[in-house]
Amino acid sequence: MGLLSGLGKLGLGGLDSMKLYEDPDLEAEAESAAQEEAEPEVPKVREEDFLLKKSCKCPACDRDFKTLAVRAGKAKLIGTDRDLRPQYDGIEPLKYDVTMCPYCGCASLSRNWGSLTDNQRRTIKKEIAQNFRPVEADKDTYTYDEAVNRYQMALANAIVKQAKNSEKAYICLKAGWLLRSKWMSLDHSDPNYNVEVAETMSLEREFLENALEGLVNARATENPPICGMDDMTVDYLIAALSVRFEKYDQAARLVAKLLGSKAINSRMKEKALDLKDEILKARSKPGQPQLNELPVGQAE
Ligand SMILES: [Zn+2]
């Protein structure tokens, strides 16, 4: 298991021990369980109905190919998790957020797809394309496992082309969210269910821990917007991930900052107050600092 585990089947097993982030003191830089027993009369919404095939040109090998993307406005948002993972009805759009050239393995989040410097093109050709085993180009949907592989390819590309911390962090964040969708969609009746849930959760955790590290670095060294999010959203996200990974001091500082801001909207305030409760609960356990030592509690 590891961030880049699974790339062996794409010919890139040699990349799985690459380091994600430079040291900070160096220079800054399953298939959804198809329910067969649905009544025949009810027309089923198919994943394909949400998707379109988009033409792309690869900036590394110059070949044309088609990639699957979610039609604008088609998927309905029904909520968000505490760490802002969006929940959609009928489809997991995260599966379609990576563009990957099926011929050479050049890949990135679709929002970052585009031109490469000469140097990056050379590096991707040498480190990625040379060993990449071409994959089937014309698919109607991606399975969770195919989608996870695409994120791993995007991450491998981001590492070899020395992308910004924010780009690497965002790949890790979305991959972590995707893995959560994957384990939530696994079939309880499958004999391997427990093993697969445990493995998928563990990989989710690994991606999100790396997302947190990258977001903290990016927040300190890059100009906003980070990953297309405003400062307040990034601060909230860092706080939420910090709570998950029990970095309560970091979380408390950010929650205090959010709650002290005049610009905070009511939705964000509610979310920040939930985090504050969580921090206070964790801190009130025996052996933790007393409540009144906490930097949270400066709301308004
Ligand atoms: Zn290519």
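Here is the figure for the range 74-105: residues that are surrounded by fewer than 17 Cβ atoms within 10 Å (Cβ to Cβ) and either within 16 Å of the ligand (Cβ to nearest atom) or outside the structural domain of D64 (by TED's automatic domain parsing) (or both) total 0.
Screening V195 against (1) β-branched (V, I, T); (2) farther than 27 Å from G114 by Cβ; (3) touching a strand residue (DSSP E or B) at 6+ places or on another chain (Cβ under 7 Å) leaves a single unmet condition, (3).
Any residue that is within 16 Å of the chain's Cα centre (by Cα), more than 23 Å from Y21 (Cβ to Cβ), at pLDDT 95 or above and not acidic (D, E) - is there at least one of those in the range 144-156? Yes, because at least one residue in the range 144-156 is within 16 Å of the chain's Cα centre (by Cα), more than 23 Å from Y21 (Cβ to Cβ), at pLDDT 95 or above and not acidic (D, E). If you check V255, V234, V216 for being β-branched (V, I, T), crowded, with 19+ Cβ neighbours inside 10 Å and in the same structural domain as A163 (by TED's automatic domain parsing), only one passes: V216. When the residues of the range 141-161 are filtered to those that are in a helix (DSSP H, G or I) and hydroxyl-bearing (S, T, Y), which remaining residue is farthest from G11 (Cα to Cα)? This residue is Y144.
Considering (1) touching a Lys or Arg at 6+ places or on another chain (Cβ under 7 Å); (2) at pLDDT below 95; (3) of a type outside the set (A, V, I, L, M, F, W, C), the lone condition that S284 does not fulfil carries the number (1). Is it the case that the range 132-141 has a residue that's on the phi < 0 side of the Ramachandran plot, within 13 Å of the ligand (Cβ to nearest atom) and crowded, with 17+ Cβ neighbours inside 10 Å? Yes, that holds for at least one residue. Inspect all residues belonging to the range 127-136 and state whether any of them is over 16 Å from the mean Cα position of the chain (by Cα) and closer than 28 Å to L215 by Cα. For the range 127-136, residues over 16 Å from the mean Cα position of the chain (by Cα) and closer than 28 Å to L215 by Cα: present. For the range 59-73, what are the residues that are within 16 Å of the ligand (Cβ to nearest atom), in a loop (DSSP other than H, G, I, E, B) and either surrounded by fewer than 12 Cβ atoms within 10 Å (Cβ to Cβ) or of a type in the set (S, T, Y) (or both)? Scanning the range 59-73 gives a single hit, D62.
The listed residues are L20, L7, L3, L26, and the only one of them that is modelled with pLDDT of 80 or more, farther than 21 Å from E146 by Cβ and of a type in the set (A, V, I, L, M) turns out to be L20. Of the residues making up the range 91-107, one or more are of a type in the set (S, T, Y) and either modelled with pLDDT under 95 or more than 21 Å from T200 (Cβ to Cβ) (or both). Within the range 106-120, no residue satisfies the criterion of being among the basic types (K, R) and within 16 Å of the ligand (Cβ to nearest atom).
The values are calculated or read from the model by the stated rules, or taken from the named source; none is laboratory data. These numbers come from a predicted model, not from an experiment. Every residue, glycine among them, receives a Cβ derived from its backbone with ideal geometry; neighbour counts consider all protein chains shown.
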